[in-house]
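Nothing in this text is a laboratory measurement; each read-out follows from the coordinates by a stated rule. Computed from a predicted model, the values in this text were never measured in an experiment. Every residue, glycine as well, gets a Cβ built from its backbone with ideal geometry; the counts of neighbours run over all protein chains shown.
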Amino acid sequence: MFEVKDLHVAVGGAEIIKGLTLSVPAGETHAIMGPNGAGKSTLSYALAGRDGYEVTSGTATLNGEDLLALEPEARAALGLFLSFQYPVEIPGLSAFAFLKAALNAQRKSRGEEPMPSPELLKLLREKADALKINQDMLKRALNVGFSGGEKKRFEALQMAVLEPRFAILDETDSGLDIDALKVVAANVNALRGPERGMLVITHYQRLLDYIKPDRVHVLAAGRIAASGGPELALELEREGYDKYLKAA
């Protein structure tokens, strides 16, 4: 489903990702763990097409489609979703208007008509209730004045509404207390299915207690230094990243 081969990414002229290869089959959830500076967020931004993250060589495909040949909005229309570590604030744009525009843009890309407002409002209310999001939050400017936990819940709401084919969750546990983490993780788990893949990026085992990965990869010095089952995350929790940094 999702394939990255020998990917190299530079930021500001400095190479951060240095020959990364990764495969996530449909229906699986993989986790990438690594220390600060390993390149975890750089990888997610490069795959999403963020400006300033230059792919110098290698390939990345989603269901056989060349992601790197597409503009960011086309990657999203293809079904790629990125939950940001630090969601941005957009003054003047309500959370409801943002979700409406995003969902209808996806529908347009599939040749579908815009969702009628009453149907859309019902959908958003149902998804927001599942995430314990206050309805008033949808009327507020996007992420403006939101707490860290509110921002992450809203990211989860976007994912629930858009139902992407492949989701990258960049440290989605950042800023969440334990109750919010359980709610967000339950929403993520509800979206797991045979046609959808996920890549969870995190520092800590804590998140993986709630979102159980099929495979765990260690990212060190811009490369995948080791891969294994969920037990690898427990090893990292006990022993840290030192031996993988030295090897890399």
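The table for this structure:
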{"quantity": "Extended-chain gain in nm, criterion 0.36 nm per residue less alpha-carbon gap, ARG50 and LYS139", "calculated": "29.3 nm"}
{"quantity": "P(r), alpha carbons of the stretch 2-247 - 10 Å bins starting at zero, rounded %", "calculated": "7, 31, 37, 20, 4, 0"}
{"quantity": "For the stretch 2-247, with +1 on Lys and Arg beta carbons and -1 on Asp and Glu, the positive-most of ALA225, ALA180, PHE96 along the dipole", "calculated": "PHE96"}
{"quantity": "Stokes-Einstein D (µm²/s) once Rh is taken as the Kirkwood radius of the stretch 152-248 over alpha-carbon pairs, at 37 °C in 0.692 mPa s", "calculated": "229"}
{"quantity": "All-pairs Cα distance distribution in the stretch 132-192, expressed in whole percent, bin size 10 Å", "calculated": "21, 56, 23, 0"}
{"quantity": "Rotationally averaged projected area of the stretch 77-201 (alpha carbon convex hull; nm²)", "calculated": "7.3"}
{"quantity": "Loop-located trypsin sites (Lys or Arg not before Pro) in the stretch 1-70 whose Cβ has at most 15 other Cβ within 10 Å (DSSP)", "calculated": "ARG50"}
{"quantity": "Charge tally in the Cβ shell below 9 Å around ALA77, where Lys, Arg are +1 and Asp, Glu are -1, ALA77 excluded", "calculated": "+2"}
{"quantity": "Neighbourhood net charge (13 Å Cβ-Cβ; Lys/Arg +1, Asp/Glu -1) for PRO87", "calculated": "-2"}
{"quantity": "Sequence of ILE224, ILE178, ILE211 once ranked by neighbouring C-beta atoms within 10 Å, starting from the fewest", "calculated": "ILE178, ILE224, ILE211"}
{"quantity": "The stretch 57-113: mean projected area of Cα convex hull, nm²", "calculated": "5.5"}
{"quantity": "Restraint check, LYS100/LYS212; LYS18/LYS40; LYS100/LYS127, Cα-Cα greater than 19 Å", "calculated": "LYS100/LYS212"}
{"quantity": "5 angstrom amide H check on ALA26, placed H, neighbours 5+ away", "calculated": "PHE2"}
{"quantity": "Loop-located GluC sites (Glu not before Pro) in the stretch 104-134, at most 10 other Cβ atoms within 10 Å (DSSP)", "calculated": "GLU112"}
{"quantity": "Proximal aspartates and glutamates relative to LYS243, as straight alpha-carbon distance under 16 Å, when same-chain residues fewer than 8 apart are discounted", "calculated": "GLU235"}
{"quantity": "Within-15-Å neighbourhood charge of ASP51 [Cβ basis; K, R +1; D, E -1]", "calculated": "-1"}
{"quantity": "Pairwise centroid distance, computed over Cα atoms, of the stretch 193-221 with the stretch 134-180, Å", "calculated": "18"}
{"quantity": "Value in Å of the Kirkwood radius, where the stretch 1-134 supplies the Cα pairs that are averaged", "calculated": "17.0"}
{"quantity": "Signed unit charges on C-beta, dipole axis of the chain, positive-most listed residue ASN36, TYR210, PRO116", "calculated": "PRO116"}
